[in-house]
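A.B. asks: This is the structure I want to talk about, given as structure tokens.
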Amino acid sequence: MSLELSVIIPTHNPRRDYLEQVVEALAGQTLAAEKWELVIVDNASSEMGDGRWEMGGIPNARIVREERLGLTNARLRGFAETTGEIIVLVDDDNVLAPDYLEQAVRIAKEYPQMGTWSGAIELVLEPGSPQPAEKLRGLLCERKVERAVWSNDRSHFAATPWGAGECIRREVAKAYADKVAREPRRRQLDLQGKDLVYGGDTDIAYTGCEMGYAMGVFPELKVKHLTPPSRCTEEYLLKGYEARAYSEVLHGWIETGRIPPQRTDLRGRLGVLVRWMMGSKLERKMISARARGLKRAEEFVSSQSNMSRR
């Protein structure tokens, strides 16, 4: 029997208790075990210890090692190692609802226009964790989805799937891998060890849109995101906010060869000044973090452009 679905877990020095919960949730999926496979991609970990992990009794499960550091490298290795018509990306802190895989397959059949899709994400904070500010909770991938939304417009943020539980048709994954092979700079659009960079999951979704598919989110797909106290601090979240701005410029440069234009006219500058004057202390910190991210990205792009001219 051919496999309907492949689950890929890229991981770098994972927390054992988190990864065990992730695998345990997969072992309890309602989709028949013979219809899907699990590949954990150990991305240059120094602490994972291949062979020490129980795979929860999942019959089609194994661990592979990818030495090139970076989430994109790990995902691409997972694509190459699997065969399912639908791929589900699961982070090493994502606990899927028991029917997640079954729902992913159903959506693939009932919505043939979908190239990529994901769902609702609930934060699960450890006891004693600081409560993240409401304005920053999205940086921890919290996502409420009340109804199905899809679009083939790349600028439709509400329809853009996120990497936690992202479902991908095999042909979209192959097209994305081919695109990265042609444009290796796209490997920079995701986490590099502990360096915060974002954009790989949306890059995959945009690839599907380029192929004529839609992207979307569905409330039936539910993920719990295990979140340690260290990620709930204001300092960490502001670094994430800065990284989002950095990634925004980087993605635009890779896509178009140009730095995305920012408002530099008088009206734009006044708008920033008003937000600064009227904003709370946190909002001012967010404005500063975004400015740092944009500046850092522009400096990086400029250095890359200078190197290419030599």
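The values are calculated or read from the model by the stated rules, or taken from the named source; none is laboratory data. Remember, predicted model here, so these are calculated numbers, not experimental data. FYI the Cβ positions are ideal-geometry reconstructions off the backbone, even for glycines, and counts take in every protein chain you see. Only protein heavy atoms, including side chains, enter the accessible area calculation; ligands, DNA and RNA are left aside. Shrake-Rupley method; radii C 1.70, N 1.55, O 1.52, S 1.80 Å.
A.B. asks: At R0 = 45 Å, how high is the FRET efficiency between Ala33 and Asn13 if r is their beta carbon distance? Nearest 0.05 is fine.
C.D. replies: The pair Ala33/Asn13 has a calculated efficiency of 0.95.
A.B. asks: Would you please state which residues of segment 212-251 a label at Lys144 would reach in this model, taking the label point 7 Å out along Cα→Cβ and a backbone N cut-off of under 20 Å?
C.D. replies: Once the point is set 7 Å along Cα→Cβ of Lys144, 217-227 turn out to lie under 20 Å by backbone N, inside segment 212-251.
A.B. asks: Tell me, what is the per residue accessible area of the chain in Å², probe radius 1.4 Å?
C.D. replies: Dividing the accessible area of the chain by its residue count gives 49 Å².
A.B. asks: Using a 10 Å cut-off on Cβ atoms, rank the peptides 144-154, 247-257 from the highest mean neighbour count down.
C.D. replies: Answer by packing, highest mean first, reads 247-257, 144-154.
A.B. asks: Now for a different question. Can you list the aspartates and glutamates whose alpha carbon is less than 13 Å from that of Lys222, not counting same-chain residues fewer than 8 positions off?
C.D. replies: Counting by Cα, and skipping residues close in sequence, Lys222 has these aspartates and glutamates nearby: Asp99, Glu102, Glu122, Glu142, Glu146, Glu166.
A.B. asks: Quick one: Debye curve from the C-alpha atoms of segment 94-180, no solvent, what's log10 I(q)/I(0) at q = 0.11, 0.12, 0.14, 0.19 Å⁻¹?
C.D. replies: -0.39, -0.45, -0.61, -1.01
A.B. asks: Where both residues lie in the chain, what percent of DSSP beta bridges are antiparallel, nearest 5?
C.D. replies: Percentage antiparallel, nearest 5: 30.
A.B. asks: Would you mind checking Lys35/Lys109; Lys144/Lys224; Lys174/Lys224; Lys109/Lys224 for any pair whose Cα atoms are more than 20 angstrom apart? Working shown, then result.
C.D. replies: Values: Lys35/Lys109 15 Å; Lys144/Lys224 12 Å; Lys174/Lys224 28 Å; Lys109/Lys224 25 Å.
Pairs exceeding 20 Å: Lys174/Lys224; Lys109/Lys224.
A.B. asks: Now for a different question. Can you give the helix-only mean residue ellipticity at 222 nm for the chain, where every DSSP H stretch with n ≥ 4 adds -39500 (n - 2.57) and the sum goes over all residues, rounded to the nearest 500 deg cm²/dmol?
C.D. replies: About -13000 deg cm²/dmol.
A.B. asks: Shifting gears a bit: Please report, in debye to the nearest 20, how large the charge dipole of the chain is about its Cα centre when each Lys and Arg carries +1 at its beta carbon and each Asp and Glu carries -1 there.
C.D. replies: 1600
A.B. asks: List the aspartates and glutamates whose Cα sits under 14 Å from the Cα of Lys285, skipping any in the same chain fewer than 8 residues away.
C.D. replies: Counting by Cα, and skipping residues close in sequence, Lys285 has these aspartates and glutamates nearby: Glu234, Glu235, Glu242.
A.B. asks: How many nm separate the modelled label positions at Lys239 and Phe300, each set 7 Å beyond the Cα in the direction of the Cβ?
C.D. replies: So the label points at Lys239 and Phe300 sit 1.4 nm apart.
A.B. asks: Something else now. Would you report the distance distribution of C-alpha pairs in segment 101-151 as whole percents per 10 angstrom bin, up to the bin with the largest distance?
C.D. replies: Computed distribution, short to long bins: 19, 41, 23, 16, 1.
A.B. asks: Can you give me the % of accessible surface on the chain that is carbon or sulfur? Probe 1.4 Å, all protein chains present, nothing else counted.
C.D. replies: 52
A.B. asks: Turning to a different aspect of this structure: Leaving out same-chain residues fewer than 8 places away, which aspartates and glutamates sit with a Cα under 13 Å from that of Lys179?
C.D. replies: Partners within reach: Glu171, Asp203, Glu210, Glu255.
A.B. asks: Express the Stokes-Einstein translational diffusion coefficient of the chain in µm² s⁻¹, to the nearest whole number, given a Kirkwood radius over alpha-carbon pairs, 4 °C and a viscosity of 1.567 mPa s.
C.D. replies: After rounding, the answer is 64 µm²/s.
A.B. asks: Now for a different question. Say R0 is 25 Å: what FRET efficiency, to the nearest 0.05, do Glu126 and Glu47 get from their beta-carbon distance?
C.D. replies: 0.80
A.B. asks: Let me ask you something else. Viscosity 0.890 mPa s, temperature 25 °C: Stokes-Einstein D of segment 46-199 from its Kirkwood Cα radius, in µm² per second?
C.D. replies: Details: Rh = 17.6 Å.
D, rounded to a whole number, is 140 µm²/s.
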